[in-house]
1. In the stretch 96-120, which residues are assigned to a loop (DSSP other than H, G, I, E, B) and closer than 18 Å to LYS64 by Cβ?
2. State which residue is modelled with the lowest pLDDT when the search covers only the stretch 20-48 and only residues that are touching a Cys at 6+ places or on another chain (Cβ under 9 Å) and assigned to a helix (DSSP H, G or I).
3. Could you please give the count of residues in the stretch 121-148 that are in a strand (DSSP E or B) and surrounded by fewer than 10 Cβ atoms within 10 Å (Cβ to Cβ)?
4. Give the number of residues within the stretch 125-159 that are more than 34 Å from the chain's Cα centre (by Cα) and closer than 26 Å to GLN204 by Cβ.
5. Please tell me if PHE125 is over 25 Å from GLY87 (Cβ atoms) and touching a residue at least 60 places away in the same chain (Cβ under 8 Å).
6. Check PHE71 against each of (1) in a helix (DSSP H, G or I); (2) under 15 Å from the mean Cα position of the chain (by Cα); (3) surrounded by 20 or more Cβ atoms within 10 Å (Cβ to Cβ) and name the one condition it does not meet.
7. Does LEU93 qualify as being touching a Pro at 6+ places or on another chain (Cβ under 6 Å), outside any strand (DSSP E or B), crowded, with 21+ Cβ neighbours inside 10 Å and at pLDDT 90 or above?
8. Give the stretch 153-181 a look and list any residue that's aliphatic (A, V, I, L, M), buried (at least 18 other Cβ atoms within 10 Å of the Cβ) and assigned to a strand (DSSP E or B), or say none.
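The values are calculated or read from the model by the stated rules, or taken from the named source; none is laboratory data. Values in this document were obtained by computation on a predicted structure and should not be read as measured data. Neighbour counts run over all protein chains shown; Cβ positions are idealised from the backbone, glycine included.
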Amino acid sequence: MLKLDTRKTKIIILCGGFGRRLKHSTSNLPKPLVRFRNKSILQHIIEFYISKDFRNFILCTGYKGRKIEEFVKNHRFDAEIEISDAGESTSMLRRIYLAKDLIEKRAIVTYGDTFINIDPYKMMFQHRKSKAGITITVADIRSPFGLVELASSNCVDSFEEKPTFSYYIGHMIIEKKILNKLEKKLLTMPDGEGLIALFQKLIQKKKLNAFKHKGLQLTFNTFYEKEKVHRELIKFFTQQER
């Protein structure tokens, strides 16, 4: 049976984005420090993993990274937290790559604006059993529309009523050996494109695995989503405290 040493598995939290669609909240703060339920989303993420017995974190900063550093200094967590500042214009993949020397064999990677009530033990067990290079976390979403495929003559080839798809929710486990062997050209691609290209390469090699998550997952890019996250977090933590 596989043994999981949570103390050696580091949690990489991507904290470098600009959060441009939330200018009213992020003009003076990086997005992970936007507050919900009297705490920043970053604090909720860190405390969640601490509750699961993970004690080592790497915060990959960029936009207003000094604010993240001040946050760490002003909070006492029962954990070791390291900062990897890759600058403001760095892609997600490059942020992860530049933190590789701080991890041992593998790391859990999550986004600093996304709270997921994940079961890290089940995910880690599945990942190691699969021997994948990366395991991404996915959730199901049902289309509100019937999907139609057309032939060139506009004849309908198929019709599927409100099908269900799986989508990536911004969370993964990545092996250090993948980062060590990374093609450098992927690191120069625009933000997001390099990571997608890496996923495509691993798909060809059958080294990209997926872990299905059915619980809570919250992220925000707009004011409306921010208000929704606030309500859902209140509900989640109220249930946990009962």
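1. GLY112, ASP113, listed by residue number.
2. LYS31
3. Matching residues across the stretch 121-148 total 1.
4. Matching residues across the stretch 125-159 total 0.
5. Judged against the criteria, PHE125 is a match.
6. (2)
7. For LEU93, the condition - touching a Pro at 6+ places or on another chain (Cβ under 6 Å), outside any strand (DSSP E or B), crowded, with 21+ Cβ neighbours inside 10 Å and at pLDDT 90 or above - is not met.
8. Correct list: ILE169, MET172, ILE173, ILE174.
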